[in-house]
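Asks: This structure is in C-alpha cells; I'll ask about it shortly.
The values are calculated or read from the model by the stated rules, or taken from the named source; none is laboratory data. The structure displayed is predicted, hence computed values, not measured ones. All Cβ positions, even for glycine, are placed from backbone atoms using ideal geometry, and neighbour counts span all protein chains on display.
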Amino acid sequence: MKTINILIGLTLMTLVLTGAQAGPPGIADEDLGLSKSTVFDTPSPEAFAYGEASPGSGNTLPRAYTGAPPQIPHSIQGFVPVTVRNNACVGCHNNPAMWGQKTKGVPTPMPPSHYTDTRHAPGNVTKKLIGARFVCTQCHVPQASVQPLVDNTF
C-alpha cells in the first residue's frame, strides 16, 4: 500500500512538472512594446527648444489629425503655468463675437465648445468661458522640430 502511494505521488509530480514546461515560448524583450529595443534601454529624446515666435506673429500650424485641438503657433514662455488667476491666453483669445472668423493678425477666438458645459448643460452655449476649459495647455501645445522616439502610423 505504501509503495502504491509513493508511485502515485511520483506520477502526479512528474505530470505537474512536465505540464509546467509545456507552455509556448516566451516573448523576447526586444519584441515587447513599440520601440523594438530591449526593455532595459531608456531612450533619451534630443534636446530641443520651442519656437520663439511672439504672439500674433506665428502662422497657423496643421492639426495632427481631424478633430485635434489646434497647436499653439507662438512661444508660451511667461504664460505657464496656467491657473484660474493667471491665464494670459484668455486675454487675447476670449472673443465670442469673432466665432467662426479667422482674420490674419487677429488672435483666433476660442470656439463655442469652450463656452458649453457638456457635463451639466450640453448644448447651452454661454458667453462665459466654462471652468473646465481654462487650462489651455491641457489640450493645446506649442511645437518644436523634433523627431519622434517611436515611429507612428496613426
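Asks: Please identify the pairs in which a residue from the stretch 142-154 that is touching a residue at least 24 places away in the same chain (Cβ under 8 Å) has its Cβ atom under 6 Å from the Cβ atom of a residue that is outside any loop (DSSP other than H, G, I, E, B) and surrounded by 10 or more Cβ atoms within 10 Å (Cβ to Cβ), counting only partners at least 6 apart or on another chain.
Replies: Close Cβ pairs (under 6 Å, with a partner that is outside any loop (DSSP other than H, G, I, E, B) and surrounded by 10 or more Cβ atoms within 10 Å (Cβ to Cβ)) amount to 142/72.
Asks: Something else: For the stretch 51-67, does any single residue satisfy the condition of being in contact with a strand residue (DSSP E or B) (Cβ under 7 Å, 6 or more places away or on another chain) and either on the phi > 0 side of the Ramachandran plot or at pLDDT below 80 (or both)?
Replies: The first filter runs over the stretch 51-67 and keeps only residues in contact with a strand residue (DSSP E or B) (Cβ under 7 Å, 6 or more places away or on another chain), leaving 51.
Going one step further and asking which of them are either on the phi > 0 side of the Ramachandran plot or at pLDDT below 80 (or both), we end up with 51.
Yes: the stretch 51-67 contains one or more residues that are in contact with a strand residue (DSSP E or B) (Cβ under 7 Å, 6 or more places away or on another chain) and either on the phi > 0 side of the Ramachandran plot or at pLDDT below 80 (or both).
Asks: Scanning for something touching a residue at least 40 places away in the same chain (Cβ under 8 Å), assigned to a loop (DSSP other than H, G, I, E, B) and more than 30 Å from residue 34 (Cα to Cα), does the stretch 114-132 turn up at least one residue?
Replies: no
Asks: Let me ask something else about it. Whether any residue in the stretch 62-71 is crowded, with 16+ Cβ neighbours inside 10 Å, without any contact (Cβ under 8 Å) to a residue 24 or more places away in the chain and closer than 30 Å to residue 152 by Cβ is what I want to check.
Replies: Checking the stretch 62-71: not a single residue is crowded, with 16+ Cβ neighbours inside 10 Å, without any contact (Cβ under 8 Å) to a residue 24 or more places away in the chain and closer than 30 Å to residue 152 by Cβ.
Asks: May I ask you to say which residue of 75, 44 is at pLDDT 85 or above and of a type in the set (Ser, Thr, Tyr)?
Replies: The match here is 75.
Asks: Take the conditions part of a loop (DSSP other than H, G, I, E, B), in contact with a helix residue (DSSP H, G or I) (Cβ under 7 Å, 6 or more places away or on another chain), of a type outside the set (Ser, Thr, Tyr) and surrounded by fewer than 16 Cβ atoms within 10 Å (Cβ to Cβ) and apply them to residue 104. Does it pass? Spell out the reasoning first.
Replies: On the way: part of a loop (DSSP other than H, G, I, E, B): yes; in contact with a helix residue (DSSP H, G or I) (Cβ under 7 Å, 6 or more places away or on another chain): no; of a type outside the set (Ser, Thr, Tyr): yes; surrounded by fewer than 16 Cβ atoms within 10 Å (Cβ to Cβ): yes.
The answer is no for residue 104.
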